[in-house]
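Since the structure comes first, as structure tokens, the remarks are kept for the end.
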Amino acid sequence: MVNTSTPIKAESKDLNFYYSNGHQALKSVSMPIYENKITALIGPSGCGKSTFLRCFNRMHDLYPGNKYEGQIIMHPDNTNILADGVDPIEVRMRISMVFQKPNPFPKTIFENVAYGLRVRDEKNNRVVADKVEEALKGASLWNEVKDRLNDLAFNLSGGQQQRLCIARALATDPEIMLFDEPTSALDPIATANIEELMNELRGKLTILVVTHNMQQAARISDCTAYMYLGEMMEYGDTDTIFTRPVRKETEDYITGKFG
Amino acid sequence: MLNNLTELSISPRLAKNIRRNVKERVIEFILMMAALSAVFTTFAIVAILLYESFGFFETVSLVEFFTGTVWTPLFEDAHYGIMPLIAGTLTTSFVALAVAVPVGTIAAIYLSEFASHKTREITKPVLELLVGVPTIAFGYFALLFVTPLLQIIYPDLPGFNMLSAGLVMGVMIVPYIASVAEDAMRAVPMSMREGSYAMGATRFQTALRVVTPAATSGIVAAYILAVSRAVGETMVVAVAAGQQPTLTFDPTEGAATITAYIVQVAMGDLPHASIGYQSIFAAGLVLFAMTLTFNLIGHVVRKKYREQY
Ligand SMILES: Nc1ncnc2c1ncn2[C@@H]1O[C@H](COP(=O)(O)OP(=O)(O)OP(=O)(O)O)[C@@H](O)[C@H]1O
Ligand SMILES: [Mg+2]
């Protein structure tokens, strides 16, 4: 639950986004992301959920010709992270991401998790080893891999790989974690593991998660946003959205009449 | 209900289509012939090499061949130690790879990870154009331009030397490495790069720590190709490194390579079945064994670092 005293971690304000082909994928999206809460993004395929999520870590900057308009204000800096003077790398140092398909690096399990620290030039091996262990524990993977930290990450199962990617993102102590359909490539058990994990992270970390799974959104999130055709149709407490949605479209989507 | 197991007549619509079957067979046969012709040629070459070398080794012992330090099969006082030619081949190849591997790899990283689409579209064809330049042109470029240039720094450098030949050969090989390694790096899925950037990595860190290791197998393939090119290269070394078999690993000296010896002898008119004539097949066999060894090593390394994304 959020209430008026819950601090806001980030806030998108009239956010428009244009892909390089001129397609406008986001239309004046405004919504708050509350601190240490889980915010779920739902909506039919192609409505712009991933596009919105990837604005937060400036992922779109990797491809020429993409254009942002509007603001994403991050607190406590009170800075628009989409502004020209902002370094995307600094943004990504504080806002981490887990992708739909597990994408471990061609490295050992240990080095995968240590990656964020290595690129931050952390030289102290003691610190790195501690952080890696902490992150793997945080991602509920430690017990499964503690004896094989020097194995290649590709040798893990899909669900383990995804938890490895979560550990990798956790190791750098991000302030916000972005999850783009983190369980869509996983079986129900691995999915349950990851959901449990996100539940444990609640309260410690601000999470923004895209999901196609209504039950998942209802189970894990505090707030939910329903998007449609690049627009934010409805935003509110997850309980409210799922029990008493204001708009007919939201209700239709949630109940499976559409989408 | 159980299936009726008695023979049923086959409906014409489901029967085997004879015409299509025959057509498929014919196509399959033609394709197989094309593939076999390459295999057959290779075997024929190996067979001829072995056959002619056999005559050679009836006169010359393997011990003398591999331990002798003088190679003068055409002289009155003939010696048959292949070592000087191997030394020449290895030295020129080493110089060439010392240039081509770093430059080619850096070029590949630049083209794949840093260059804009436009830059790449211009640079790549230009690089590949370099592949089309006849190697004899590179040979004379080494002899008439690079050697005099090196002699300014190094006044004692002889007119024929392995350094100049190796350097130019290296430049010649750069496009091979750059092109094959770049293809390998570009094949690394974008999702892996995104994973790196999302951790706050820079472009350079992503290129070096994620893309390059992910493309190891292809990059190794590029190096193997380069080694084979260097070991087998003929014109540049024949023109610029000299024709004198000399047992030395010093690139500032001139020395013949295996290939240089083969062209030199092949251009003269030696009677078939003479020992001099047979010696080029023995030398060719060694060359073949060397490239085969490098290719096998490459194959093993590639298997070890097979792409796994
Ligand atoms: N690189 C791109 N260039 C141009 N248009 C794009 C690009 N990527 C996505 N789009 C378009 O932008 C819109 C939003 O796409 P997005 O990937 O954000 O949808 P999504 O809500 O995440 O869908 P899904 O649930 O299927 O993942 C779609 O219409 C899509 O076709
Ligand atoms: Mg998506």
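The values are calculated or read from the model by the stated rules, or taken from the named source; none is laboratory data. The structure displayed is predicted, hence computed values, not measured ones. All Cβ positions, glycine included, derive from the backbone under ideal geometry; neighbour counts span all protein chains shown. Calculation scope for accessible area: heavy atoms of the full protein, side chains included, ligands and nucleic acids excluded. Shrake-Rupley method; radii C 1.70, N 1.55, O 1.52, S 1.80 Å.
What to note about this one:
- Screening chain B for whole DSSP H helices with an alpha carbon extent of at least 27 angstrom along the helix axis and a mean Kyte-Doolittle hydropathy of at least 0.0 yields B:18-59, B:83-109, B:162-186, B:275-304.
- What the Cβ-Cβ distance of B:SER11 and B:LEU36 gives, at R0 = 35 Å and to the nearest 0.05, is a FRET efficiency of 0.35.
- Among A:ARG202, A:ARG219, A:ARG126, residue whose mean-square fluctuation peaks in a GNM of chain A (springs only between Cα atoms under 10 Å): A:ARG126
- Site pair A:ARG118 and B:THR293 shows an inter-label distance of 3.4 nm when each label is modelled 7 Å from Cα along Cα→Cβ.
- With all protein chains in place and ligands, DNA and RNA left out, the 1.4 Å accessible area ranks A:HIS60, A:HIS23 as A:HIS23, A:HIS60, largest first.
- Packing rank of A:29-40, B:244-255, where each peptide gets the mean count of other beta carbons within 10 Å, highest leading: A:29-40, B:244-255
- Proximal aspartates and glutamates to A:LYS146, defined as alpha-carbon separation beneath 14 angstrom and excluding residues fewer than eight positions away on the same chain: A:GLU111, A:ASP130, A:GLU133, A:GLU134
- Note on A:THR255 and A:LYS67: with the Förster distance fixed at 35 Å, the Cβ-Cβ geometry gives a FRET efficiency of about 0.45.
- A:MET233 exposes around 30 Å² of accessible area when a 1.4 Å probe is run over every protein chain in place.
- Most simply put, the protein assembly as shown has about 55% antiparallel DSSP beta bridges, counting only bridges with both residues inside it.
- Surrounding net charge for A:ALA40, when Lys and Arg each add one and Asp and Glu each subtract one, Cβ distance under 14 Å: -3
- Averaged over peptide B:199-210, the number of partner chain Cβ atoms lying within 10 Å of each residue's Cβ comes to 6.
- Shown are B:TYR140, A:TYR228, B:TYR261, whose ranking by accessible area with a 1.4 Å probe and every protein chain present, most to least, is B:TYR140, A:TYR228, B:TYR261.
- Tilt relative to chain A, helix A:109-119 - C-alpha long axis, 0 to 90 degrees, to 10: 70 degrees
- Considering only trypsin sites (Lys or Arg not before Pro) in DSSP loops that have at most 11 other Cβ atoms within 10 Å, the longest stretch of chain B without any of them is B:17-305.
- 18 Å Cα-Cα reach of B:LYS304 towards lysines, excluding residues that sit fewer than 8 places from it in its own chain: A:LYS107
- In this structure B:HIS117 has an accessible area near 120 Å², from a 1.4 Å probe over the protein heavy atoms.
- Residue of A:ARG94, A:ARG163, A:ARG247 that the Gaussian network model of chain A assigns the largest fluctuation, springs spanning Cα pairs under 10 Å: A:ARG247
- For the stretch A:11-27, 3J(HN,Hα) per residue [Karplus equation, 6.51 cos²θ - 1.76 cosθ + 1.60, θ = phi - 60°, Hz, x = Gly/Pro]: 8, 8, 10, 6, 7, 10, 9, 10, 6, 4, 7, x, 5, 8, 8, 10, 10
- Here is the interface size for A with B: some 1900 Å² of accessible area buried, both sides summed, with a 1.4 Å probe.
- The stretch B:29-172 shape via C-alpha gyration tensor axes, a/c threshold 1.5: oblate
- Among B:VAL265, B:VAL133, B:VAL22, the largest mean-square fluctuation in a Gaussian network model of chain B, built with springs joining Cα atoms closer than 10 Å, belongs to B:VAL22.
- Distance between modelled label sites at A:ASP77 and A:THR240, nm, 7 Å Cα→Cβ extension: 3.0 nm
- Remark: the Cα gyration tensor places the stretch B:87-175 in the prolate category, a/c being 1.5 or greater and a/b exceeding b/c.
- Under 11 Å from the A:ASN16 label point (7 Å along Cα→beta-carbon), backbone N, the stretch A:55-88: A:68-70
- By accessible area with a 1.4 Å probe, ligands and nucleic acids excluded, highest first: order of A:LEU205, B:LEU130: B:LEU130, A:LEU205
- DSSP beta bridge pairing in chain A, given as percent antiparallel to the nearest 5: 55 percent
- Chymotrypsin sites (Phe, Trp or Tyr not before Pro) within the stretch B:15-107, DSSP loop, no more than 15 other Cβ atoms inside 10 Å: B:PHE75
- For chain B, a/c is not less than 1.5, where a ≥ b ≥ c are the root eigenvalues of the C-alpha gyration tensor, and a/b does not top b/c. That puts it in the oblate class.
- With all protein chains in place and a 1.4 Å probe, the accessible surface of the protein assembly as shown carries 61 percent carbon and sulfur.
- With DNA, RNA and ligands ignored, accessible area of A:SER157 (1.4 Å probe; Å², nearest 10): 60 Å²
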